[in-house]
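To start, the structure itself, in structure tokens.
All of the numbers you see were taken from the coordinates with simple rules; none came from a lab. What you see is a predicted model, and the numbers here were worked out from it, not measured in a lab. Here the Cβ positions follow ideal geometry from the backbone for every residue, glycine too, while neighbour counts run over all protein chains shown.
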């Protein structure tokens, strides 16, 4: 298996950084991993999951959204809509190596993957890990946001971050149950029973509105929002989904 860095540009001309995992024997389906809010390609369980999937023959590209990780851009200027363009560039890059791409999106990355599938298409399936369709509670000082146009906060790594009003306005405009009607590819959602970040009811509402007949939502007992940062609890559910999809669409 080959693991190498891959740099590519989004539609704004910003350079995005990724890690490409290429198996010795490549299946016809590849995977793009989209990270969560304030994360990167190297955080959480993403490197471990990428290597496990590549060991099974699935080429994987994990990358940093613009303004995150090692990619160009400023975090405070990013929005979900701009992240969709980043993901589109990543999907296109992996399609240079395989004819079909499945996106695995975590939290914010799951929401962005959903927007991309509904608005841009071009993917063979979605695996949404605790997708941030609707959050439980609100951590932001909305009055301060209205008065000064931005908020500052510390992320999980202790870094001071800034978010502008445009980020929240963009995030709020997306109606995921309505977007679900435009998604026709297989979808798997995994959410932990101990997740205190995303609203499970919103995930079920999204699933009910999907146009595809290939859809499944699983609640994983004892798992939290980040699935305890272990890929081995996710792989037994993701692998059968990918294997079946690969068999169905392979010539």
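Some notes on this structure:
- For region 196-251, a Kirkwood radius taken over Cα pairs fed into Stokes-Einstein (10 °C, viscosity 1.306 mPa s) yields D = 119 µm²/s.
- The per residue volume of the convex hull around the alpha-carbon atoms of region 129-251 is 142 Å³.
- Under the simplified labelling scheme, the residue 7-residue 76 pair shows an inter-label distance of 2.6 nm, with each label point 7 Å from Cα along Cα→Cβ.
- Taken along the Cα-to-beta-carbon direction at a fixed 7 Å, the label points for residue 162 and residue 249 span 4.1 nm.
- Peptides 38-47, 221-230 ranked from most to least packed give 38-47, 221-230, packing being the mean of other C-beta atoms within 10 angstrom over each peptide's residues.
- Distance between the pseudo-spin-label points of residue 208 and residue 142 (7 Å out from Cα toward the beta carbon): 2.4 nm.
- Candidates 154, 17, 239: whichever shows maximal mean-square fluctuation once the chain is modelled as a Gaussian network with Cα springs under 10 Å: 154
- Our note on the geometry: Cα centres of region 73-99 and region 166-204, 19 Å apart.
- Highest-first packing order for the peptide set 92-98, 62-68 is 62-68, 92-98, based on the mean count of other beta carbon atoms within 10 Å.
- Against the rule of thumb 2.2 N^0.38 Å, how large the Cα Rg of region 13-99 comes out: 1.07
- For region 84-145, the calculated P(r), taken from all Cα-Cα distances in 5 Å bins from zero up to the bin holding the longest distance, is 4, 17, 25, 20, 12, 9, 6, 4, 2, 0 percent.
- Compactness relative to 2.2 N^0.38 Å, alpha carbon Rg of region 72-204: 1.11
- Ranked by the mean number of other Cβ atoms within 10 Å per residue, highest first, peptides 188-199, 163-174 order as 188-199, 163-174.
- Helical contribution to [θ] at 222 nm, DSSP H n ≥ 4, -39,500 (n - 2.57), averaged over the chain, rounded to 500: -9500 deg cm²/dmol
- When the P(r) of the chain is calculated, the portion above 24 Å amounts to 43% of the C-alpha pairs.
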